[in-house]
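The values are calculated or read from the model by the stated rules, or taken from the named source; none is laboratory data. What you are looking at is a predicted structure, and each value in this text was computed from that prediction instead of being measured. Every residue, glycine as well, gets a Cβ built from its backbone with ideal geometry; the counts of neighbours run over all protein chains shown. For the accessible areas, the whole protein counts, side chains as well, though only heavy atoms, and no ligand, DNA or RNA atoms are used. Shrake-Rupley method; radii C 1.70, N 1.55, O 1.52, S 1.80 Å.
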Amino acid sequence: MQRPVEAVLVGAGNRGTLAYGTFALRAPWDLRFVAVAEPNDERRTRFAQQHGIPPERQFHSWQELAEQPQLAPALINATMDRDHFPSTIAFLETGYHVLLEKPMATTPEECLTLAATAERTGRVLQVAHVLRYAPFFRTIYDLVHSGRLGEIVSVDWRENLSYFHFAHSFIRGNWANTERSSPMILTKCCHDLDLLVWILDRSCQRVASFGSLTHFTPAKAPPGAPERCTDGCPIADECPYFAPRIYLFTAAGSAFQHAVSPEPDPEAILRALATGPYGRCVYHCDNTAVDHQVVLMEFAGQLAVSLTMHGASHVEGRTVRIDGTRATLLANESRRELVIADHLTGTIETMRLAPPIGGHGGGDVGLIRAFVQAVRGERAGVLTSAHQAVESHLLAFAAEDARVSGRILDMATYRAQWEHQHVDTRR
């Protein structure tokens, strides 16, 4: 049996602890954490205790870690969006192989620089486009590439965020304010854009986009709504976003609840809601992320694709319709169901996938195992490179530019513009 890959975790929040930390505890022959960097004392201490990390290898920030000699072959970067670029550059230069949470960076130039730095240093830079490893999306990929649907004519892709997930992450949470994180279409939908580029296996040529923040603003606040749900809200019984109901019942036992309080008892959760960000009224936050957006894309071969993102769904999960010249595919992520309607015979075939093991529809385990194998020198299992990841990020940046400006963007011109600027800045 091979020895486990030793790694450093940077960012011991929900993603770092529940996805990567849990994998290491369940598969200690594959991955072992030997150091952690995390500014929150409680999170850092808890992760260190779980993984037996000594005090001298516990760091308060990624900057403090970056000042140390290399401590392991691998590093998992689960910091916040705007820390991704400076920290990853530092760690690649130190010599680490890096698994980087998405989005890889918050500007096109930074994305290009990250990919170039990984290539120059010879390090693995694997961006966590985790859904490429999920059985549901791998099945869609296989069906499209098998020719079963014929030539693809139209794609309708919907990213349906449940109302409480949207409220948690994009109104009250870490990704609510685009000035502190990045645009919604990048933070949430670089997954979807990456899947479209991967499944369709062709370049996008033109992009248009529409969307805005229309509902979750102070102007839409009900009369008498306080700053916090815990301050005696007069419409608590009728508001679907009432925080105590969401975190004590709707999202009980989930990663959302864990983000509010690692201690699951009601008293601890209510204390956290009374003082922390997740107890705020959804109409009285400093959120700037859009609550809905549509991206219209034309891929090579005049293939028209629509991507809809919204935060008002009753259930979490993407729905996909792909129409081809031979058959239509209807796919529902939340039900793990794929339906193929054959045009010639009229037959309907329904495929139901087994419940996934692990987060992101089973993709988390595949992502981490691919990274572990890549660090060991076996890179065949890595389904995307840093350079490929740049493509979906450029699409997200272009979509946001198109939304704000109201223009239709030519992607060849857009790519060339940023690649030229990148070359100029590196001279």
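See the values below:
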quantity: Quotient of C-alpha Rg and 2.2 N^0.38 Å, computed over segment 28-129; calculated: 1.06
quantity: Nitroxide proxy distance, nm - points 7 Å out along Cα→Cβ at Gln302 and Thr288; calculated: 4.1
quantity: Segment 177-297 - percent of accessible surface contributed by carbon and sulfur, probe 1.4 Å; calculated: 58
quantity: Probe 1.4 Å, all protein chains present, accessible-area order of His84, His284, His360, His97, largest first; calculated: His360, His284, His97, His84
quantity: Modelled label reach - Thr347, point 7 Å along Cα→Cβ, segment 126-155 residues with backbone N closer than 18 Å; calculated: 143-144, 146-150
quantity: Beta bridge orientation in the chain: antiparallel %, DSSP, nearest 5; calculated: 60
quantity: For segment 143-292: accessible area per residue (Å², 1.4 Å); calculated: 41
quantity: Global form of the chain, assessed from the alpha-carbon gyration tensor, a/c cut-off 1.5; calculated: rounded
quantity: Rough spin-label spacing in nm, given labels placed 7 Å along Cα→Cβ, for Ile357 and Val404; calculated: 4.4
quantity: Separation in nanometres of the label points that stand 7 Å from Cα toward Cβ, at Ala219 and Glu316; calculated: 3.2
quantity: Asp231, Asp342, reordered so the largest accessible area comes first (probe 1.4 Å); calculated: Asp231, Asp342
quantity: Surface accessible to a 1.4 Å probe, per residue, for the residues of segment 1-129, Å²; calculated: 40
quantity: Residue-normalised accessible area of segment 353-414, given per residue in Å² at a 1.4 Å probe; calculated: 43
quantity: Cα-based shape type of segment 346-427, given that a ≥ b ≥ c are square roots of the gyration tensor eigenvalues and the cut on a/c is 1.5; calculated: oblate
quantity: Packing-based order for 350-359, 99-108, 57-66, using average beta carbon neighbours within 10 Å, highest first; calculated: 99-108, 57-66, 350-359
quantity: Potential extension, Glu119-Thr45 segment - 0.36 nm per residue separation minus Cα distance; calculated: 23.2 nm
quantity: For the chain, built as a Gaussian network whose Cα springs stay under 10 Å, the top-fluctuating residue of His165, His215, His310; calculated: His215
quantity: Thr319 - accessible surface, heavy atoms, 1.4 Å probe, Å² rounded to 10; calculated: 40
quantity: Extension gain (nm, one decimal) between Ala268 and Ser334, 0.36 nm per residue minus Cα-Cα; calculated: 20.7 nm
